[in-house]
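The values are calculated or read from the model by the stated rules, or taken from the named source; none is laboratory data. Everything numeric in this text was worked out from a predicted model, so none of it was measured. All Cβ positions, even for glycine, are placed from backbone atoms using ideal geometry, and neighbour counts span all protein chains on display. For the accessible areas, the whole protein counts, side chains as well, though only heavy atoms, and no ligand, DNA or RNA atoms are used. Shrake-Rupley method; radii C 1.70, N 1.55, O 1.52, S 1.80 Å.
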Amino acid sequence: MSGPEEQVADADIGFEREQPGDAELVSLRNVLIVCSVVFWLGIMWYAYALPMSRALLAVLFLGAILEMYILTELMAMGGGGRGHLVPELKQAFGPGNRLHATLLTLSAVDILITTVYIGWNFQALYVERAGRALPHEYVMAAVFSLVMIYLTWRSFGRTFLAVVLIGFAYGRFGAFAPGPLQHGGLGVDRILRTVVISVDGFYGFLTQLVAAWIALFLLYAGLLKAYGAFDLIMRLAFRSAKYIDSGIAQTAVLSSAVIGSVNGSQTANAGMTGSFTIPLMKRYGVKPETAGGIEAVASTAGQVLPPVMGAGAFIMASLIPGITYVDVIVAGLIPAAILSLTIFVAVHYVAAPQLDNTSAESLLGDKLPRSEFASESLKYGIPLAVLIYKLGIQQVTVGTAALWTTAAMLLTGILFPIVHAAAGTNEETPVGALKRTLWETLDGCREGVVVLAPVAIILAAINGVVDILTATGVPTAISLTLLDLSGGVLIVAAILSMIICIILGLGMPTTASYTIVALLVAPTLISQFFLPELASHFFVFYAAILAGLTPPIATCVAVACGIAGADFWRSCVEAIKISAPLFVLPFVFVYHPDIVSAELNMATAQIGILAMLGAVAIIHGINFPFRFDSRVQVLGARVVFFVGGVITMVYPAFLIQAGAVGVLAILYGSQVATGQASLRPAEVEG
């Protein structure tokens, strides 16, 4: 069964614009487009009018998105939805597909029945009979739980299926768990009430968050793709080749970071942008392992970039009392800047010696006229400016900001091409431009649903598991166990917490992995070690995304090296060498929590500068091709730069940090003075 990255790849997310086929009359694809438009109109109406409670919205939202996910699966079985409805359905239910097509159809029927029942009886289930249920409701909940487990398996494969099943099993058979993890065990009735009947669990706060906040941002991402924004991003990235030797490799960093910031899954992002950037890097001389490592790290970096942070910012703002979304974004600015700069330097170090000479002109092919380039920049820049203005200046709710941003994208995406055609700047007529942009808009709605569906499924499943674990008291057990193992020593507790976060994040997209560790690990750091809430959550957030880079699972690296045709373990080594400061940065949040205090002042600036200098030193020590006479000297230089960088980033005493900076400056100055600070390929040995 395919993983999330394959699901996204199967959904035709790429850089080519799709056009309607002449033979398409009624097809599964067009049915999906119509359903998508109705769905998005409903989501936008909710964001504008707030006509119902979030809990009821979650019920209707999850039912609708699950039905459309099933439709996309049937469409894939029927040949991609590019033919006619009846032949497609015959193929979908044909040999080889019949079992799963039947299961999907039965799932769709059950989802419809469950959604209508809960929606119709919402007041009774959510308020009047809270904690109690009728016999037939338990049957309904049991069947719906099986459907969710089946769809989770289809979306994310066996790894995440195991997580869900273990969560349910732990809730039921906790009496057999070892040591402090033991509990009395939850009855089947209580588990079913928790995950379905109480309108919590699968319909809980994560599903409500996706419906009210995250969904519109994924529509925005779908419209960006449909209108051709990724083409512009790649052109901007290619132009960097004019100014820097590693410009080709930096295209992966820029495009993956920008697209990944709204994607919500580092593995899916690696599959999406890597299918283009990795072959490009290989074509111009970058080794397959290096190309795979660069793409994996760049896709991971996108998950921490404001203003979306892979949807993690929304969840963090909802989990921390008294914290707004804007506070989370401001708190994440300095760490994101540190990570972006160090990855840029690392990619330059590893890629520049390998790349052949290239010119931006050869990469760009058909160059856009300057006026058209400026117009395209405005078309995508205006909605982004609206988002920043609404969130940062007016400080409206996230849902309102997402609504305004999406509306602005719709307006600029449709009107700009029409204005161009009317002005005669291209060969298109205004009517032709209108038809084309309307089709792109419809396809953007479809694309938004295709991207949203797996996110909604996995977060609903996670919500169910988390509610079961919360009912068992496992967060308290983990807190006590962590405190006992660490002996009350903060650094030991932080290291153990990072290991737990990496393990819990294996095989999951960012939003899911962060949610689990935020609910299970962060409270321990807050209550037992008195770490500020923002610092604790940023610690587990950054630690959780490391799972995509950490062997032996390293799902993000696995996707990238699969595209590159590279050795998995060598690609992991390359990825870790490039992303080394990412493994140290979470500890900066522990010993210098002001860096994520959501206040930009001299104290945060000082911590940020020291952390950045230390991170660059780590990258320099690991990746720079030192050319000393003996291996002992090379190893010594690497150790000094690495250790000095770690001390500069993490050590709690300013004087020690400043001393480490001084040592690093002297060592680097000696490199410059002896002419050993160049990366020119002709001077690199081996």
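Tell me the label-point distance for the pair Val34, Leu341, using the 7 Å Cα-to-Cβ offset, in nm and rounded to one decimal.
Each label point lies 7 Å from its Cα, and together they span 5.5 nm.
Based on alpha-carbon centroids, what's the gap between the range 93-151 and the range 548-582 in Å, whole number please?
So the separation of the two Cα centres works out to 39 Å.
Distance in nm between label sites at Arg570 and Asn426, each 7 Å beyond Cα in the beta-carbon direction?
Modelled inter-label distance: 4.3 nm.
Can you give the FRET efficiency to the nearest 0.05 for Thr674 and Leu378, using r as the Cβ-Cβ distance and R₀ = 60 Å?
0.75
With a Förster radius of 22 Å, plug the Cβ-Cβ distance of Ile503 and His100 into 1/(1 + (r/R0)^6) and report the FRET value to the nearest 0.05.
Efficiency, from the Cβ-Cβ distance: 0.10.
Using the crude model of +1 on Lys and Arg Cβ and -1 on Asp and Glu Cβ, and no other charge, please compute the dipole size for the chain relative to its Cα centre, in debye to 20.
Around 340 debye, computed over the chain.
Given the peptides 403-411, 375-383, 57-65, arrange them by the average over their residues of other C-beta atoms within 10 Å, most packed first.
Highest mean packing first, the order is 57-65, 403-411, 375-383.
How are the alpha carbon pair distances in the range 432-513 distributed across 5 Å bins from zero to the largest one, expressed in percent?
3, 12, 13, 15, 14, 10, 8, 7, 5, 5, 4, 3, 2, 1, 0
Going by average Cβ neighbours within 10 Å, how do the peptides 441-450, 339-348, 211-220 rank, with the highest at the top?
The most tightly packed comes first, giving 211-220, 441-450, 339-348.
In the chain, which whole DSSP H runs stretch at least 30 Å along their own axis (Cα) and average -0.5 or higher on the Kyte-Doolittle scale?
28-49, 54-77, 98-120, 135-173, 325-351, 398-423, 430-472, 568-591, 602-623
Grab the alpha carbons of the range 393-459, take their convex hull, and tell me the volume per residue in Å³.
Residue-normalised Cα hull volume stands at 105 Å³.
Using the reciprocal of the averaged 1/r over all distinct C-alpha pairs, how large is the Kirkwood radius of the range 562-661 in Å?
14.8 Å
Spin-label point model (7 Å from Cα, Cβ direction): what's the Ser371 to Ala142 distance in nm?
The answer from the label model is 7.1 nm.
Using a Debye calculation, one point per C-alpha and no hydration shell, please list log10 I(q)/I(0) for the range 246-357 at q = 0.14, 0.23 Å⁻¹ in order.
-0.55, -1.13
Just subtract the alpha-carbon distance of Ala177 and Arg283 from 0.36 nm times their residue separation and send over the number in nm, one decimal.
32.9 nm
Where Lys and Arg each count +1 and Asp and Glu each count -1, what net charge lies around Gly293 among other residues with Cβ under 10 Å from its Cβ?
0
Residues in the range 45-81 near a label at Val127, defined as backbone nitrogen under 20 Å from the 7 Å Cα→Cβ point?
Zone members listed by number: 50-61.
Would you calculate a helix-derived [θ] at 222 nm for the chain, using -39,500 (n - 2.57) for each DSSP H run of n ≥ 4 and dividing by the full residue count, to the nearest 500?
About -23500 deg cm²/dmol.
Measure up Lys225/Lys390; Lys225/Lys287; Lys287/Lys379; Lys90/Lys435 against 25 Å on the Cα-Cα distance and list the ones that go over.
Lys225/Lys287; Lys287/Lys379; Lys90/Lys435
Taking just the alpha-carbon atoms of the chain, what radius of gyration and Dmax come out, in angstrom?
25.6, 82
Quick one: grab the alpha carbon gyration tensor of the range 376-421, order the square roots of its eigenvalues as a ≥ b ≥ c, and give me rounded if a/c is under 1.5, else prolate or oblate depending on whether a/b is larger than b/c.
Since a/c reaches 1.5 and a/b is larger than b/c, the shape of the range 376-421 is classed as prolate.
Determine, for each peptide in 43-51, 426-434, 463-471, the mean count of other beta carbons within 10 angstrom over its residues, then list the peptides with the highest first.
So the peptides 43-51, 426-434, 463-471, ranked by packing, come out 463-471, 43-51, 426-434.
Glu599 to Leu134: extension gain in nm, 0.36 nm per residue of separation minus the Cα-Cα distance?
162.3 nm
Go ahead and run the numbers for FRET between Val26 and Lys435, Cβ-Cβ distance against an R0 of 25 Å, rounding to 0.05.
The computed FRET efficiency comes out at 0.85.
Normalising by the residue count of the chain, find the relative contact order in percent from Cα pairs under 8 Å and 6+ residues apart.
Taking the mean separation of contacting Cα pairs over the length of the chain, I get 17 percent.
Full-extension gain between Leu485 and Arg631, please, as 0.36 nm times their residue separation minus the C-alpha to C-alpha distance.
Extending this stretch completely gives an extra 48.6 nm.
Please report the Cα spread of the range 505-598 along all three principal axes, rounded to whole Å, starting with the longest.
Principal axes ranked by extent give 46, 23, 21 Å for the Cα atoms.
Tell me, what % of the accessible area of the range 550-594 is carbon and sulfur with a 1.4 angstrom probe?
63 percent
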